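Quick notes on the structure that follows.
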Amino acid sequence: MTVDYNEFAKTFSNSRKNMKWEEIEYFLSFLNSDNRGENLENNFNILDVWCWNWRFLNFFKESKIWKLNNYNYLGVDLSKNLLEEAKNRNLDNDFLELNMLNLEKINKKFKYIFFIASFHHLDNIEDRINVLKKAYDLLEEDWVIFMTNWSLNSDLNKEKYSESIVKWSENKFWSLDYNIKIWKFNRYYHSFCISELTYLFENTWFNIIENKEFENKRNFISILRK
């Protein structure tokens, strides 16, 4: 991960707040169709890993679960300045400055955990497995993780970002690393393939509900149950 979001947190936050996230809407449709959500006890916990500013909360507040229940939201992120952006707009929710590599420092369990455009920033398989294991430990039995990862090698993206491929980065799953420019900064991304994601999830004990390239060809979506 080669970029410090603190250096341009406000600009980055403003550029993302009105983005349309069809994948999150799809996740919320899953939540809305899950009858268990209607019987959740009050004050159940939700974790948003690398929450950035407030983008996910705006979507979640449209869900049936949000309207039926009181929930405890925790957003964690590496960037102190992005968290300040989030806190200023969501005074009733909790935020914590934390590297996802240190999820074990959180001392509560969650019914839902979200990794929205965050997991693909991990730059080695050991960290990916460790983060998934820690997320597994934080998840309550029989509840769910939702994840998006950028599908950089899709028909939609591969030509646009072909110049950003890191040379010699192809791994045993034929996945590639990318170094993509954002203003004057570079961001690292790992472009997963389905077989690699399946390997990671199966080797960290998850039951895979869905794991596929989304219809818009921008991202892979994964829904996992403990």
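What ranking of 51, 193 emerges when the number of other C-beta atoms within 10 Å of each C-beta is taken as an exposure proxy, fewest first? Present the calculation step by step, with values, prior to reporting the outcome.
Values: 51 26, 193 17.
Lowest to highest Cβ neighbour count: 193, 51.
The H on the amide N of residue 78, modeled in the peptide plane, is under 5 Å from the matching H of 98, each at least 5 residues off or on a different chain.
Normalising by the residue count of the range 51-177, find the relative contact order in percent from Cα pairs under 8 Å and 6+ residues apart. With pairs under 8 Å counted, the relative contact order is 19 percent. With just the Cα atoms defining each centre, how far is the range 150-183 from the range 78-118? Give it in Å. Here the two parts' Cα centres lie 27 Å apart.
Entry note, the range 102-150: relative contact order of 60 percent, from Cα contacts under 8 Å with a spacing of 6+ residues. When each of 192, 206 is scored by the number of other beta-carbon atoms lying within 10 Å, the sequence from fewest to most is 206, 192.
Using Cα-Cα distances under 8 Å and only pairs 6 or more residues apart, what relative contact order does the range 103-226 have, in percent?
Values: 222 pairs, mean separation 36.3, N = 124.
It comes to 29 percent, rounded to a whole number.
Rounded, prolate or oblate: which one fits the range 81-226, using the alpha carbon gyration tensor with axes a ≥ b ≥ c (rounded when a/c is under 1.5, else prolate when a/b beats b/c, else oblate)?
Values: a/c = 1.79, a/b = 1.25, b/c = 1.43.
Oblate, because a/c is 1.5 or more while a/b does not exceed b/c.
Where a number appears in this text, it was derived from the coordinates with a stated rule and is not lab data. For clarity, every value in this text was computed on a predicted model and none was experimentally measured. Cβ sites come from the backbone with ideal geometry, for glycine too, and all protein chains shown count toward neighbours.
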